[in-house]
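Single-structure report; data block below.
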Amino acid sequence: MQKPIPDFPNENAEREFWDSHDSADYVDWSQARPVAFSKLRPSMNQKKIRENLTLSDEIRVPIVAAEEMHQEDNHDKK
């Protein structure tokens, strides 16, 4: 049996709740269906999307980019 989703006083409270709870305890995902929002238009408001990156992911991207630039520089010198 699914647990009822609590009412949240604000988005921060909801965000904190879902950070520490599994949605499978509250939603029967076997009943989920794909939905298309074909009439959805871009919003004029900007939204910031958070990504959970590990420190190694945050470091790897600049290192790979630096290595690629270094390889291009060496290739140009030949």
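The values are calculated or read from the model by the stated rules, or taken from the named source; none is laboratory data. For clarity, every value in this text was computed on a predicted model and none was experimentally measured. Note that we place each Cβ from the backbone using ideal geometry, even for glycine, and neighbour counts take in every protein chain shown.
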Looking at the range 5-28, which of its residues are over 18 Å from the mean Cα position of the chain (by Cα) and assigned to a loop (DSSP other than H, G, I, E, B)? Ile5, Pro6, Asp7, Phe8, Pro9, Asn10, Tyr26, Val27, Asp28
Identify the single condition in (1) of a type outside the set (Gly, Ala, Ser); (2) surrounded by 10 or more Cβ atoms within 10 Å (Cβ to Cβ); (3) at pLDDT below 90; (4) assigned to a loop (DSSP other than H, G, I, E, B) that Met44 does not satisfy, given that it satisfies every other one. (2)
One residue from Phe17, Phe8 being surrounded by 10 or more Cβ atoms within 10 Å (Cβ to Cβ), in contact with a helix residue (DSSP H, G or I) (Cβ under 6 Å, 6 or more places away or on another chain) and modelled with pLDDT of 60 or more: Phe8
Taking first residues from the range 20-43 that are within 14 Å of Met1 (Cα to Cα) and second residues anywhere that are of a type in the set (A, V, I, L, M, F, W, C) and modelled with pLDDT of 90 or more, the pairs with Cβ under 7 Å that are 6 or more apart or on different chains are Tyr26/Ile5
For Ala65, state whether it is assigned to a helix (DSSP H, G or I), small (Gly, Ala, Ser) and at pLDDT 60 or above. no
